[in-house]
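Before anything else, here's the structure in question.
Every number in this text was worked out from the coordinates using simple rules, so none of it is lab data. Computed from a prediction, not measured in an experiment: that's the story for all the values here. All Cβ positions, glycine included, derive from the backbone under ideal geometry; neighbour counts span all protein chains shown.
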Amino acid sequence: MNPAHQQLGHRVRFEWGPTGAAAIADGADVALVVDVLSFTTTLCVAVERGITVLPYRWKDERAAAYAAERDATLAVGRLEARSLTGGAAVSLSPAAMARVTGVERIVLPSPNGSTISFGLADLGCTVLGASLRNRTAVARWLLERGGTVAVVAAGERWPDGTLRPCAEDLYGAGAVLSRLPDADLSPEARLAADAFRAVEPRLVAALHDCAGGRELAEAGFGDDVDVAAELDAANVVPVLESGEFRPVN
C-alpha cells in the first residue's frame with residue numbers, strides 16, 4: 001500500500017469501499033460506515049426503534065442459517081419483500097423498517113455496508129453506522145471521544161462488480177465530516193465536507209435526483225429516499241460489538 005494513499009498525516013480520513021477502508025484504517029481508533037440509501041439508514045432506523053442489528057456479508061442461504069442460529073429475523077431485499085408479502089416483510093428498505101413491529105433482532109445482509117463493517121472490525125477499529133439521519137449525534141460522539149477517525153463511503157457497484165462512487169454516500173459522509181474541525185480533515189475528507197455544505201440547502205431534491213434516488217423511485221421506493229434525507233432526525237449512534245450493532249452508551 002502506498003503510504004500517500006493512507007492519509008496517515010491526518011486525524012480524520014475519508015475513502016471509498018472495502019479497499020479504501022483497508023487503506024485508511026491503519027492506526028484509526030474509530031471507523032464510520034456510510035451507505036445512505038440502504039444499509040446504514042436502515043440500520044439507524046432499526047436501532048432507533050430498539051432493534052439489534054446483526055450485519056452479514058452474504059445475501060444467500062448462509063444468511064438464513066446465520067439468522068436462525070442467532071434467533072434473529074432475516075431481512076430480505078426490497079423487491080423480494082414486496083413479492084413475498086406485499087412489502088410487509090423485514091427488508092433493507094428504511095421506510096419499511098420504520099413500520100416493523102414485534103421484531104427484536106434482525107440480520108441485515110449487505111455486500112457493501114455489512115462487508116465493510118466486518119472488514120473494519122477485523123482491523124481493530126470501533127465501527128459505527130452513520131447516515132444523514134444521525135450525523136450530528138455521530139459527530140458529537142466523535143468529538144467527545146477523540147482519536148483518529150476513518151470515514152468510509154460504501155458506494156455502489158457497476159454490473160461488472162467494480163466500485164461505483166455515488167452522490168448519496170458522498171453527501172452522507174460529508175454531513176458528518178462537516179461537523180468536525182476542518183483542521184483535522186484530510187484533503188479527501190474536506191472535499192466530502194465541502195460537497196455536503198454545497199448541497200445542504202437542496203438536500204432532499206438532490207437525493208431524489210441522483211442516480212441512486214432515481215433508481216429507487218423508478219422501482220417504487222421513493223419513500224426510502226425521503227427517510228434517508230431526514231437530516232438529524234435521530235439521536236442514536238449504532239456501534240458494532242461482537243457482531244451486533246447496538247446504540248452506544
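With 10 angstrom as the radius, rank 74, 142 by how many other C-beta atoms surround their C-beta, starting from the fewest.
So the ranking, lowest neighbour count to highest, is 74, 142.
Right, another one. Which residues does a label at residue 8 reach in the stretch 111-140, if reach means a backbone N under 19 Å from a point 7 Å past the Cα toward the Cβ?
Backbone N within reach: 123-125.
Order by neighbour count: 136, 40, fewest other Cβ atoms within 10 Å first, most last.
With the sparsest Cβ surroundings first, the list reads 136, 40.
Something else about it: What does the convex hull of the Cα atoms come to per residue for the stretch 118-184, in Å³?
Working: hull volume 7.0 nm³, N = 67.
It comes to 105 Å³ per residue, whole-number rounded.
Also, I was wondering about something else. Taking the DSSP beta bridges in the stretch 10-247 as the whole, what percent of them are antiparallel, to the nearest 5? If you can, show how the numbers build up before the last one.
Working: 9 of 33 bridges.
Restricted to the stretch 10-247, the bridges split so that about 25 percent are antiparallel.
If I model the stretch 1-136 as equal point scatterers sitting on the Cα atoms and use the Debye formula, what is log10 I(q)/I(0) at q = 0.17, 0.18, 0.22 Å⁻¹?
-0.89, -0.97, -1.31
While we're looking at this one, here's another question. Suppose we keep just the alpha-carbon trace of the stretch 139-249; what are its Rg and Dmax in angstrom?
15.2, 42
Compare the peptides 32-39, 95-102 by average per-residue count of other Cβ atoms within 10 angstrom and give them in order, highest first. Could you put the intermediate results ahead of the total?
Values: 32-39: 30.8, 95-102: 16.0.
Descending packing order for the listed peptides: 32-39, 95-102.
So for the pair residue 65, residue 29, with labels modelled 7 Å out along Cα→Cβ, what separation do we get in nm?
Using points 7 Å along Cα→Cβ, the separation is 4.0 nm.
Dipole size in debye (nearest 20) for the chain around its Cα centre, Lys and Arg Cβ +1, Asp and Glu Cβ -1?
Computed about the Cα centre, the dipole is about 220 debye.
Oh, and also: So for each of 62-73, 146-157 I average, over its residues, the number of other beta carbons within 10 Å; can you give me the resulting order with the highest mean first? Working shown, then result.
On the way: 62-73: 14.8, 146-157: 23.7.
The peptides rank, most packed first, as 146-157, 62-73.
Let me ask something else about it. Amide H of residue 151 versus every other amide H placed in the peptide plane: which residues, excluding those fewer than 5 positions away on the same chain, fall under 5 Å?
Here the answer is 13, 14, 15, 32, since their amide H atoms fall under 5 Å of that of residue 151.
Same structure again: Given (1) 42, 18, 15; (2) 27, 20, 17; (3) 38, 27, 14 as candidate values of semi-axes √(5λ) of the Cα gyration tensor in Å, which corresponds to the one derived from the coordinates?
Working out semi-axes √(5λ) of the Cα gyration tensor in Å from the coordinates points to (2).
Can you give the extra length, in nm with one decimal, that the chain gains between residue 233 and residue 123 once fully stretched, where that is 0.36 nm per residue apart less the Cα-Cα distance? Write out the running numbers ahead of the final one.
Working: separation 110, 0.36 × 110 = 39.60 nm, distance 3.06 nm.
Here the segment from residue 233 to residue 123 would lengthen by 36.5 nm.
Mean separation of Cα pairs under 8 Å and 6+ residues apart, divided by the residue count of the chain: what relative contact order is that in percent?
The value is 30 percent.
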